[in-house]
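First comes the structure, then the notes that go with it.
Coordinate-derived values only; no laboratory data. Nothing here was measured: the structure is a model prediction, and the numbers come from that model. All Cβ positions, even for glycine, are placed from backbone atoms using ideal geometry, and neighbour counts span all protein chains on display.
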Amino acid sequence: MDNIPERDESLELSVEGESTEEEEEEEEEEEEEEEVVPARVQKRLSDSSKKDTATFVVESVLHEMLPVPLTLEDARAGLCQLGKTACGVDYAYLMMKVNNKSLTDIEIIPTFKHIMYVDVSGNRLNESSLSVLKKVEFLVMLNASENFLTTCKLPPLDYLQVLSLGKNKITSTEGIEQPLLESLDLSYNNIKEITNLDPSSLQHLKILDVRGNSLTSTLGIVCPTLERLYLAENLIEKIEGIDNLVNLQVLHLRYNPLKDLSGFSEALASLTYVNLRNTKVKRVKQVSKLASLPRLDTLVVAETPLVKRMEDEYRVKVLSFLPKLKRIDKNPVQDDELETADGIRKDREEAEEEEVEEEESAEEEEEDDDDDL
């Protein structure tokens, strides 16, 4: 493993960068506009316009049940991205895209020995079907989303760096052993908790996407190398057990029933971006708990009860506790907002000092009364 193949970053199969709010909204709109009927079914519907409806339904069901191996013709048609091979001397096609073909068998792929990037998304592959990829010596990226997978247990692939298993039926994070893996997408599966995610087997993992599952807790995410963590659209109510994520820079928690922000601490020294959009955070007192994050400069709280309750005042209220922020939601922090927030903070501190003095004075009076007795 001394000569690790260089990865062409233009061929990423999963999110590699921080998403802006605009990009995320565009993605959501696109998802809402996606057609319910898969393209392959639409085509068959069009081709069968003159057929009896019942006959077509039977044919469609049979089609989905029958084995569909990848043919040599389709495999060759799926080749693309001419580039240098792993040895760095010869040129060959490095990517194979054979997605949305209802495939159940991809035994032929290893015969293309220079392949480094494989997209088999939108098929009918299971764990056994994918085991053949252990013969693809220099595989760097694999997109196996939208298949029939129920586990993450794939054979260890020496050079695999990007793995996308989103939109399957996976229920557990157990069995992931990919020594060079940097990006793992498990979004939109049936995972209820993160278990047996062994950091010793994932020593290079930087990006973990588990959005759209049924997670109720952040416990079990124990990979200190993580830089980006996507936890949106789960059932998380509390942040816990993430102090070991010392390299984490981006954290997405949007669309969770999260109310309590007590789980953040100064141990998250690299965290700069936190997305709490559409969570249940209601009071600025909860947001103030993020003051322990030394490098936080971007906070998203749009569409939370906090914003709805405080309306136009929420930005300066948040800034009064988090003056280092450079951006709140879509908009950069303005100088006049900082000035207003500074005034609010000073007033609050003075009120707190007066309250302490009053309490101390009351205690002294009680002591004097006791002495008189």
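Ranked by the mean number of other Cβ atoms within 10 Å of their residues, highest first, the peptides 88-99, 316-327, 73-84, 158-169 fall in the order 158-169, 316-327, 88-99, 73-84. Inter-part distance, region 236-310 to region 110-181, computed on C-alpha centroids, equals 33 Å. Of the peptides 255-266, 341-352, the order by per-residue mean of other Cβ atoms within 10 Å, starting with the highest, comes out as 255-266, 341-352. The stretch between E107 and K280 holds 57.5 nm of extra length on full extension. This uses 0.36 nm per residue minus the Cα-Cα distance. Put simply, when 199-209, 138-148 are sorted by average Cβ atoms within 10 angstrom per residue, most first, you get 138-148, 199-209. For region 182-295, the fraction of alpha-carbon pairs lying more than 25 Å apart is 13 percent, rounded to a whole number.
Rg/Rh for region 112-270 stands at 0.98; both radii use Cα atoms, and Rh follows the Kirkwood definition. Karplus-derived 3J(HN,Hα) values for region 94-110, using 6.51 cos²θ - 1.76 cosθ + 1.60 with θ = phi - 60°, are 9, 10, 10, 10, 10, 8, 6, 10, 6, 5, 10, 8, 10, 4, 7, 4, x Hz; glycine and proline are entered as x.
Considering only alpha-carbon pairs that sit under 8 angstrom and 6 or more positions apart, the relative contact order computed for region 101-174 is 30 percent. Across region 121-129, coupling constants 3J(HN,Hα) worked out from phi with the 6.51/-1.76/1.60 Karplus curve, θ = phi - 60°, read 5, x, 10, 10, 8, 10, 4, 5, 4 Hz, and Gly and Pro carry x.
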